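Student: Once you've had a glance at the structure underneath, I'll fire off some questions.
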Amino acid sequence: MEDLEFRTLARRILGDAASTTAPAGTAAPTPAATDEPAQLDLFGGGETGGEVSEAASGYRTAKDTSTDYQLVATTEALDALIEALQASDTFAFDTETSSLDVMTTQLVGISFSVAAESGFWVPATCADWSEQELLERLQPVFADANKEAIAHHFKFDYKVLAIRGLAFHNKVFDTMVAHYLIQPEASHKLDRLAETELGYATIPITDLIGKAGKAQKSMADLPVESITEYACEDADITFQLRQVFGPRLTEVAADELFQTVEMPLVKILADMELEGVRIDSDELNRYSQELGKQIDGLTAKIHDHAGQEFNIDSPKQLGPILFETLEIKARVKKTKTGQYPTGEEVLEKIKGEHPIVPAVLRYRKLKKLKSTYVDPLPKLVNVQSGRVHTTYQQTVAATGRLSSKDPNLQNIPIRTEEGRAIRKAFIPRDDNHVLLAADYSQVELRIAAALSKDPGLVDAFVQGHDVHTATAAKVFQVEPEAVDRGMRSKAKAVNFGILYGQGAFGLAQNLGIPRREAKEIIDAYFVEFAQLKAFTADCVDRVRETGYAETVLGRRRYLPDIASNNATVRAFAERNAVNAPIQGSAADIIKVAMVRMQAALNEHQLNARMIMQVHDELVFDVPVDEVAQLEGLIEAAMADAVTLAVPLVVDMSTGQNWLEAH
DNA sequence: TGCCCACGC
DNA sequence: GCGTGGGCA
């Protein structure tokens, strides 16, 4: 790769940028018409899979596309690139890193593209600059609020650069999130989209660093020149995808959702992840020891009962012990694999038959707690920050929800005493701070009420009544004062069932009652809440007509299975048709609240930080003297996120740990 | 690697 | 209904 000739560079870029158009034929993979040889041949004469994949897939590749990919490794070349970036009102970029762990990765370089089939690769360091010097040169580009930055999975690149002090003020267009709105359940990987949307097969990363395994190299191990084509291609493809997805977002009526919710949210999530959550590792380690002792005790007890040692974690071994050795009579049939069922539900039923059973149940609970939460959490604490830095995934849940991983902060136990102990280990940054948890009360049921306009349900919320008690009163035809716990819990189960599109079978299973009784309850329910019933039917009808379910902000979920000939498959789609608008609207609402809340924090220049999102709950790390002010801002941001036919109610509480903050 | 189970909303 | 993750086979 030659050093670029910067005098001609700007002219060439500007010329290209001026004539850039969205590529035609975005769907069908069309082999390139050009017989022009690729500019670069990094891999020698046909040693790699380029030709193979081209032949096999029919997609164009770098080899048969005339591209202008340039290495930028001199001050003159960098000057020209920055000039080109400043002359363009939009640019795509992509960071290359040595690993995918943002907190520890090295920055290898950044690629840019301001026009289709062209790109620039800028190594993080070279003879002419250090990493910091490079970022200082690029800072004005990223700080330009009038410029659009395009990236695929922007959150990752943003975090890598933000850690290094770069300030971002560009308008953001994340092609991954855009595609998530266009086709939520499809793959959003860049390589895949290059194929399906551009008919182009990218250079496999394995061509550079080898296949996964011990011998796999890191991006940082390669000579910078050899990365040029690969890195430029990513920025180029990203640039091209933006041209395709812009109009597509309009077609699916998702412009506003994208611009005003999802794009602002990307940066907010990134900042939450970088901020992290402080964990009391000592507390968890103590608890781990305690759990370990209890598990050992239970293991001995269980083996003692069984009269032999065996693997309690293995259903295959546990089954025969329970039902043959100990001859516990189970009124259950074996599973299709010929094994005894040992699920919690089964064991719960035969708890009284033999003392080994409750011991196994408790053993499982504690083992699960220890291996899923107590032991892994301290290992995920970043040594520098002393906090866990989760990753919020914005493009995986089909309904529009976020998900959280490494660690998953959205499934930390709360229901049992032993589980709740884990929440005690989530603590504020220091003695001067508290955790503040703010959660939407019954948000999905309120959405169901608002969307259906069912008078009974709407009334209960408008009057501020306990919705499950109000439901029970109607279903069981008694005064609200006469509703007992059993009635309320049954009503609660039906309310939840509605949200999940669940039928009599599911309800019966949940409540442990005969299916006939479950059906009676549901029938009575739908007599009282006839409009809610009509709403669920409308949801299904609309999906049949349009092909998709839709949330309050117009987020779509396509459900082609609604027309399936397979009754099971079709029924699943029908449940989704009811659930997706409800669950998805709840996701929309809290996302809006997060955007509003971050704006409020910025506007008032508070030191409080939003640090967690758990579907209907936001958690803040707050200086004690900001608590009162913050509560007012949260109430305003969350309760008024959208206007519905029922009020949104927000419950708030503070504490010295996450458990206390509930 | 896929399946089952269990945790959250 | 929507997820993530541990452990077995």
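The values are calculated or read from the model by the stated rules, or taken from the named source; none is laboratory data. Everything numeric in this text was worked out from a predicted model, so none of it was measured. Using ideal geometry, Cβ is built from the backbone for each residue, glycine included, and neighbour counts are taken over all protein chains shown. Only protein heavy atoms, including side chains, enter the accessible area calculation; ligands, DNA and RNA are left aside. Shrake-Rupley method; radii C 1.70, N 1.55, O 1.52, S 1.80 Å.
Student: Name the one entry in A:Thr238, A:Thr196 that is touching a His at 6+ places or on another chain (Cβ under 9 Å) and within 27 Å of A:Ala398 (Cβ to Cβ). Let's see the steps before the verdict.
Tutor: Numbers: A:Thr196 fails: touching a His at 6+ places or on another chain (Cβ under 9 Å).
Going through A:Thr238, A:Thr196 in turn, the sole match is A:Thr238.
Student: Determine which member of the set A:Glu275, A:Glu309, A:Glu262 is charged (D, E, K, R) and surrounded by fewer than 15 Cβ atoms within 10 Å (Cβ to Cβ). Break it down stepwise before answering.
Tutor: Values: A:Glu275 fails: surrounded by fewer than 15 Cβ atoms within 10 Å (Cβ to Cβ); A:Glu262 fails: surrounded by fewer than 15 Cβ atoms within 10 Å (Cβ to Cβ).
Result of the check over A:Glu275, A:Glu309, A:Glu262: A:Glu309.
Student: Also: Which of (1) surrounded by 14 or more Cβ atoms within 10 Å (Cβ to Cβ); (2) closer than 30 Å to A:Phe572 by Cα does A:Lys405 not meet, given it meets every other one?
Tutor: The one condition A:Lys405 does not meet is (1).
Student: I would also like to ask the following. Here is a list: A:Val467, A:Val475, A:Val434. Which entry is closer than 17 Å to A:Pro647 by Cα and away from DNA strand C (no atom under 16 Å from the Cβ)?
Tutor: Result of the check over A:Val467, A:Val475, A:Val434: A:Val467.
Student: Only one residue in A:Ile634, A:Ile611 is crowded, with 19+ Cβ neighbours inside 10 Å, part of a helix (DSSP H, G or I) and β-branched (Val, Ile, Thr), so which one is that? Before the answer, list the steps.
Tutor: On the way: A:Ile611 fails: part of a helix (DSSP H, G or I).
Only one candidate passes the filter, namely A:Ile634.
Student: I'm told A:Asp651 meets every condition in (1) open to solvent by less than 10 Å² (accessible area, probe 1.4 Å); (2) over 22 Å from A:Ile279 (Cα atoms) except one. Can you identify the failing condition by its number?
Tutor: Condition (1) is where A:Asp651 drops out.
Student: What number of residues within the range A:188-213 satisfy the criterion of being more than 20 Å from A:Arg60 (Cα to Cα) and within 16 Å of DNA strand B (Cβ to nearest atom)? It would help to see each step written out before you state the result.
Tutor: Going through the range A:188-213, the residues more than 20 Å from A:Arg60 (Cα to Cα) turn out to be A:209-213.
Now drop any that are not within 16 Å of DNA strand B (Cβ to nearest atom), which leaves A:211-213.
Selection size over the range A:188-213: 3.
Student: Mind listing whichever residues of the range A:504-535 are in contact (Cβ under 8 Å) with a residue 40 or more places away in the chain and either under 31 Å from the mean Cα position of the chain (by Cα) or in a helix (DSSP H, G or I) (or both)? Give the derivation first.
Tutor: Initial filter on the range A:504-535 (in contact (Cβ under 8 Å) with a residue 40 or more places away in the chain): A:521, A:524-525, A:528-532, A:534-535.
If the condition is that a residue be in contact (Cβ under 8 Å) with a residue 40 or more places away in the chain and either under 31 Å from the mean Cα position of the chain (by Cα) or in a helix (DSSP H, G or I) (or both), then A:Ile521, A:Ala524, A:Tyr525, A:Glu528, A:Ala530, A:Gln531, A:Leu532, A:Ala534, A:Phe535 are the ones that fit.
Student: Return the residue satisfying two criteria in turn: it lies in the range A:571-621 and is within 16 Å of DNA strand B (Cβ to nearest atom) and of a type in the set (Val, Ile, Thr), and of such residues it is farthest from the chain's Cα centre (by Cα).
Tutor: That would be A:Val578.
Student: Something else now. Could you please find all residues in the range A:408-439 being of a type outside the set (Val, Ile, Thr), more than 8 Å from DNA strand B (Cβ to nearest atom) and open to solvent by less than 10 Å² (accessible area, probe 1.4 Å)?
Tutor: Listed by number, the residues that qualify are A:Leu409, A:Ala425, A:Phe426, A:Pro428, A:Leu435, A:Leu436, A:Ala437, A:Ala438.
Student: Could you tell me whether the range A:337-357 includes any residue that is closer than 26 Å to A:Leu511 by Cβ, within 12 Å of DNA strand C (Cβ to nearest atom), open to solvent by less than 40 Å² (accessible area, probe 1.4 Å) and hydroxyl-bearing (Ser, Thr, Tyr)?
Tutor: Checked against the condition, which is being closer than 26 Å to A:Leu511 by Cβ, within 12 Å of DNA strand C (Cβ to nearest atom), open to solvent by less than 40 Å² (accessible area, probe 1.4 Å) and hydroxyl-bearing (Ser, Thr, Tyr), the range A:337-357 yields at least one hit.
Student: Which residues, taken from the range A:479-512, are open to solvent by 50 Å² or more (accessible area, probe 1.4 Å) and at pLDDT 90 or above?
Tutor: Passing the criteria: A:Glu479, A:Pro480, A:Glu481, A:Ala482, A:Asp484, A:Arg485, A:Arg488, A:Ser489, A:Lys490, A:Lys492, A:Phe496.
Student: Given the conditions (1) at pLDDT below 85; (2) in a loop (DSSP other than H, G, I, E, B), and given that A:Ile312 satisfies all but one, which numbered condition is not satisfied?
Tutor: (1)
Student: For the range A:474-490, state whether one or more residues are in a loop (DSSP other than H, G, I, E, B), out of contact with any helix residue (DSSP H, G or I) (no Cβ under 7 Å at 6 or more places or on another chain) and within 16 Å of DNA strand B (Cβ to nearest atom).
Tutor: Let us first name the residues in the range A:474-490 that are in a loop (DSSP other than H, G, I, E, B), namely A:476-479, A:483-484.
Those left that are additionally out of contact with any helix residue (DSSP H, G or I) (no Cβ under 7 Å at 6 or more places or on another chain): A:477-478, A:484.
Now narrow it down to the ones that are within 16 Å of DNA strand B (Cβ to nearest atom): none.
Looking for residues that are in a loop (DSSP other than H, G, I, E, B), out of contact with any helix residue (DSSP H, G or I) (no Cβ under 7 Å at 6 or more places or on another chain) and within 16 Å of DNA strand B (Cβ to nearest atom), one finds none in the range A:474-490, hence no.
Student: Need at least 3 residues that are within 30 Å of A:His305 (Cβ to Cβ) and free of Cβ contacts under 8 Å to residues at least 24 places away in the same chain per element, so show me which helices (runs of 4 or more DSSP H) inside the range A:348-460 make the cut, counting only ones lying wholly within it.
Tutor: Working: elements: A:356-369, A:376-379, A:417-423, A:443-452.
In the range A:348-460, A:356-369 are the helices (runs of 4 or more DSSP H) which contain 3 or more residues that are within 30 Å of A:His305 (Cβ to Cβ) and free of Cβ contacts under 8 Å to residues at least 24 places away in the same chain.
Student: Same structure, new question: Starting from the range A:317-328, keep only residues that are open to solvent by 70 Å² or more (accessible area, probe 1.4 Å), then list their pairs with residues that are among the aromatic types (Phe, Trp, Tyr) whose Cβ atoms are within a distance under 9 Å, requiring at least 6 positions of separation or different chains.
Tutor: A:Gln317/A:Phe310; A:Glu324/A:Tyr340
Student: If we scan the range A:362-378, do we find a residue that is within 8 Å of DNA strand B (Cβ to nearest atom) and either among the β-branched types (Val, Ile, Thr) or touching a Leu at 6+ places or on another chain (Cβ under 7 Å) (or both)?
Tutor: Among the residues of the range A:362-378, at least one is within 8 Å of DNA strand B (Cβ to nearest atom) and either among the β-branched types (Val, Ile, Thr) or touching a Leu at 6+ places or on another chain (Cβ under 7 Å) (or both), which makes the answer yes.
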